[in-house]
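Below is one structure, written out as structure tokens; the observations come after it.
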Amino acid sequence: MKFGFDIDDTLINLREHAFQIYNRKLNKNISLDVFNALTTMGIHEAFGLTREEGGKLWTSLRDDIYYSDCAPFPHAREILHELVKQGHEVYYITARAKEHTERTRDWLVQNGFPVVEGHFYCGMSDTEKVHIIEALKLDYYFDDKPNVLETLSQLPVKAYVKDRCYNQHLDLPRITSWDQLWEELKL
Ligand SMILES: [Mg+2]
């Protein structure tokens with residue numbers, strides 16, 4: 001079987017990681033309770049920033065956010081290794097900007113994710129992911145982002161949503177914790 005995964009906020013806890021970096025850079029100490037109460041993908045509101053200010057801050061801190069020590073979600077790495085071990089193909093499909101392709105792939109490898117040559121796609125828009133997923137003929141695809149998941153309904157791929165506060169309205173099978181994957185898939 002072919003499995004495709006988004007990276008940010010699907011396999012790794014990037015928003016929370018960025019939230020803590022914002023705290024440090026802005027010299028604030030806003031609690032994770034505030035983070036957990038957010039219902040938007042953006043985290044800027046928790047810091048009293050406008051969308052534009054938040055966008056600028058994110059851009060200025062992007063290397064730090066992407067390439068420091070963002071934590072994978074519990075069990076994420078282990079299930080990917082187990083899939084590979086069972087003979088499945090694991091693909092990564094991230095809409096990070098193209099210039100982050102090499103470093104993102106390297107970061108995944110350095111942080112213990114199984115990355116096979118040619119199974120890593122980076123630098124498309126959210127609405128272009130569907131074309132890669134279709135061309136690869138993925139059996140399963142996992143993402144957190146409504147804008148992406150909403151483009152997949154015409155494909156035969158079994159799409160799953162990684163449970164996050166901003167995707168609660170999606171009526172799709174939902175992965176809350178990666179250790180539930182085996183039960184979900186019944187492989
Ligand atoms: Mg994502």
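Remarks
- Filtering region 166-182 to residues that are more than 13 Å from the ligand (Cβ to nearest atom) and outside any loop (DSSP other than H, G, I, E, B) leaves Arg174, Trp178, Asp179, Gln180, Leu181, Trp182.
- From Asp139, Asp171, Asp163, residue being in contact with a Phe, Trp or Tyr (Cβ under 8 Å, 6 or more places away or on another chain) and modelled with pLDDT of 95 or more: Asp139
Yes/no per residue for (1) touching a Leu at 6+ places or on another chain (Cβ under 8 Å); (2) modelled with pLDDT of 95 or more:
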site	(1), (2)
Phe5	yes, yes
Asn13	no, yes
Glu16	yes, yes
Gln20	no, yes
Lys25	yes, yes
Ser31	no, yes
Ala37	no, no
Ala46	yes, yes
Leu49	yes, yes
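- Looking only at region 113-135, residues that are under 11 Å from Thr94 (Cβ atoms) and under 15 Å from the mean Cα position of the chain (by Cα) come to 7 in all.
- Across region 148-177, the qualifying residues are those that are under 13 Å from Asp9 (Cβ atoms) and out of contact with any strand residue (DSSP E or B) (no Cβ under 7 Å at 6 or more places or on another chain), and the one among them that is surrounded by the most Cβ atoms within 10 Å (Cβ to Cβ) is Val148.
- Of the set (1) surrounded by fewer than 19 Cβ atoms within 10 Å (Cβ to Cβ); (2) touching a residue at least 60 places away in the same chain (Cβ under 8 Å), all apply to Leu108 but (1).
- Scanning region 72-103 for residues that are over 18 Å from Phe3 (Cα atoms) and free of Cβ contacts under 8 Å to residues at least 60 places away in the same chain yields Ala97, Lys98, Glu99, His100, Thr101, Glu102, Arg103.
- Given (1) touching a Lys or Arg at 6+ places or on another chain (Cβ under 9 Å); (2) more than 16 Å from the ligand (Cβ to nearest atom), index of the condition Glu82 fails: (1)
The values are calculated or read from the model by the stated rules, or taken from the named source; none is laboratory data. Since the model is a prediction, treat every value here as computed from it, not as a measurement. Note that we place each Cβ from the backbone using ideal geometry, even for glycine, and neighbour counts take in every protein chain shown.
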